[in-house]
Structure formats: structure tokens, C-alpha cells
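Since the structure comes first, as C-alpha cells, the remarks are kept for the end.
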Amino acid sequence: MRSILLEVLKQPTDRDRQVNAGPSVLGSPCNSCVARALRNEPNPSSPYWLGGVYGTATHKLVESRLDPSVSEIKVHIGHLEGYGDINGTVDYFKDGDLRDWKSTMRKKRPGLQKAYDHPAPEEGEANTTRASRFKLKGYINQEHFYGRALEALGHKVDTLTLEFFCRDGAGDDDIFVFQYDYDPEYAELLWNRVVYIWENLYTREWESDPDCFPCTVLS
């Protein structure tokens with residue numbers, strides 16, 4: 001039987017139609033994923049697409065209830081010669097605090113919390129914690145790109161905040177916040193990494209990170 005919901009919810013978004021790589025994938029700790037994005041090759045397809053729809057819908061709702069001057073701010077991340085401009089959208093920025101909304105599931109919160117509390121890998125830790133640390137690093141790398149772009153516009157960036165909401169949540173406890181210090185030197189290193197991968201894109205093999213979900217699970 002035909003599903004109207006399936007047809008509507010699987011329609012491509014502006015992000016899906018985006019040609020150049022964005023800060024979310026360029027911030028991945030996985031060199032192979034960054035190289036693949038710069039080659040305009042799609043990531044291995046995932047059957048778990050509906051979570052992204054929830055995320056997009058929540059972003060739209062939050063945006064509609066916030067002052068437009070502090071939300072959905074378009075920024076220029078940088079330019080790669082021979083490739084083009086890298087642009088992005090900041091979810092929220094006010095008084096030095098840069099925020100990004102992220103969706104997750106209740107069952108993933110303990111792994112995310114442990115990875116946040118213990119940024120350095122620990123011997124014998126669970127694979128879920130390793131995967132969560134990989135994810136958090138990518139998110140914070142993405143926010144550092146945004147911070148660098150905002151600094152270029154003359155803003156002072158102090159903190160990077162990740163606000164998570166559980167797609168299967170029921171109340172206040174299913175929204176939680178992680179906060180980090182912004183490091184401009186680290187942001188510059190991240191951009192230089194992108195430049196280096198781009199300039200050497202076809203001259204070497206780019207390794208996958210062992211904790212990268214697209215490379216290790218979907219491939």
C-alpha cells in the first residue's frame with residue numbers, strides 16, 4: 001500500500017542537494033570520510049534515515065521560536081582553490097556562546113556522557129563509549145569551524161555548546177547539554193587539515209578511523 005508519509009519525508013532537503021562538502025562531514029575525525037566528501041562521493045547509504053527527519057523538524061521548530069538574529073546564521077568557513085567555497089549554518093550564537101542542536105536516543109546517552117566525562121580513551125572501555133567519543137569529536141570539530149568563521153566576522157567566541165534531545169524522549173531529562181571551551185588554534189589546525197587532504201586528495205590513500213560508523217558498519 002502506498003505511503004504518503006514515506007514519499008514526503010524522504011524528499012531531499014537543501015542539505016541533501018548541497019554540492020560542496022559542509023562543516024559537519026569535514027569535521028569528521030575520519031580522514032577517509034573527509035576525502036570522500038571532497039571527491040563528491042556519497043557516504044555508504046544508511047537505512048536509518050528517519051532520525052535525520054526528526055532532527056530537521058526540531059531545528060525548524062526551534063528556529064521559529066528564536067530571535068532570527070541569533071539563530072540559523074549563515075557563515076563562510078573557507079575557500080579551497082579548485083574546489084570552491086565551504087559554507088555552513090550556525091544553529092545559535094549569542095554573547096560568545098555558540099550552540100548546536102543534536103538529536104540522539106535515550107539508550108545512547110550513557111555512552112555520550114561517559115565520552116564527555118572522559119575525553120581520553122581508556123583501556124578496556126566499551127565500544128559504545130568509543131563510538132560516542134568519535135561522534136562528539138566530530139560535533140566539536142564542526143563547531144570549531146563555525147567559531148573560526150564567526151571570529152573572521154569580528155565576533156568573540158568563548159564556548160561551544162552541544163544541546164542534545166532524545167528522539168524517543170518524554171520530558172525534561174531527555175534534553176541534556178555538553179559545553180567545551182573554544183580553541184582558535186585548534187580551529188586553525190582543523191582547517192589546515194582540510195586544505196592538506198584536498199591538496200593531496202589523489203596522491204595518497206586516506207585511512208578510515210576504526211570507530212567510524214559509515215566506514216566500518218555501512219561499507
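The values are calculated or read from the model by the stated rules, or taken from the named source; none is laboratory data. All of these numbers come straight from a predicted model, not from anything done at the bench. Every residue, glycine as well, gets a Cβ built from its backbone with ideal geometry; the counts of neighbours run over all protein chains shown.
Remarks
- Selection status of TRP101, of a type in the set (Phe, Trp, Tyr), more than 21 Å from ASN31 (Cα to Cα) and either surrounded by 15 or more Cβ atoms within 10 Å (Cβ to Cβ) or modelled with pLDDT under 95 (or both): yes
- The residue that is farthest from HIS155 (Cα to Cα), counting only those in the stretch 173-188 that are touching a Leu at 6+ places or on another chain (Cβ under 7 Å) and in contact (Cβ under 8 Å) with a residue 60 or more places away in the chain, is PHE178.
- Selection of the stretch 141-181 for residues being over 16 Å from the mean Cα position of the chain (by Cα) and closer than 23 Å to LYS74 by Cα yields LEU150, GLU151, ALA152, LEU153, GLY154, HIS155, LYS156, VAL157, ASP158, THR159, ASP181.
- Positions within the stretch 126-153 being surrounded by 22 or more Cβ atoms within 10 Å (Cβ to Cβ), aromatic (Phe, Trp, Tyr) and closer than 22 Å to PHE213 by Cβ, in sequence order: PHE145
- Residue within the stretch 89-112 that is within 17 Å of the chain's Cα centre (by Cα), over 17 Å from ILE175 (Cβ atoms) and not hydrophobic (A, V, I, L, M, F, W, C) present: yes
- Among the residues of the stretch 36-90, the one identified as in a loop (DSSP other than H, G, I, E, B), of a type in the set (S, T, N, Q) and more than 21 Å from ALA21 (Cα to Cα) is SER69.
- If you go through the stretch 159-206 and keep only what is touching a Phe, Trp or Tyr at 6+ places or on another chain (Cβ under 6 Å), among the aromatic types (Phe, Trp, Tyr) and farther than 21 Å from GLN142 by Cα, you end up with nothing.
- Every pair of residues 6+ apart whose Cβ atoms lie under 6 Å, when the first sits in the stretch 130-144 and is of a type in the set (A, V, I, L, M, F, W, C) while the second is modelled with pLDDT under 95: ALA131/ASP211; PHE134/ASP211
- Residues of the stretch 91-114 satisfying the condition of being part of a strand (DSSP E or B) and small (Gly, Ala, Ser): SER103
- Residue in the stretch 21-55 that is surrounded by the most Cβ atoms within 10 Å (Cβ to Cβ), counting only those that are among the polar types (S, T, N, Q) and touching a helix residue (DSSP H, G or I) at 6+ places or on another chain (Cβ under 9 Å): SER28
- Checking the stretch 189-204 against the condition returns no match, with no residue being closer than 18 Å to LYS94 by Cα and at pLDDT 95 or above.
- In the stretch 154-212, the residues that are surrounded by 15 or more Cβ atoms within 10 Å (Cβ to Cβ), among the charged types (D, E, K, R) and within 30 Å of VAL53 (Cβ to Cβ): GLU163, ARG167, ASP174, ASP209, ASP211
- Positions within the stretch 79-97 being surrounded by fewer than 17 Cβ atoms within 10 Å (Cβ to Cβ) and either on the phi > 0 side of the Ramachandran plot or among the hydrophobic types (A, V, I, L, M, F, W, C) (or both), in sequence order: GLY82, GLY84, ASP95, GLY96
- When ASP173, ASP209 are checked against the criterion of being of a type outside the set (A, V, I, L, M, F, W, C) and part of a loop (DSSP other than H, G, I, E, B), a single residue qualifies: ASP209.
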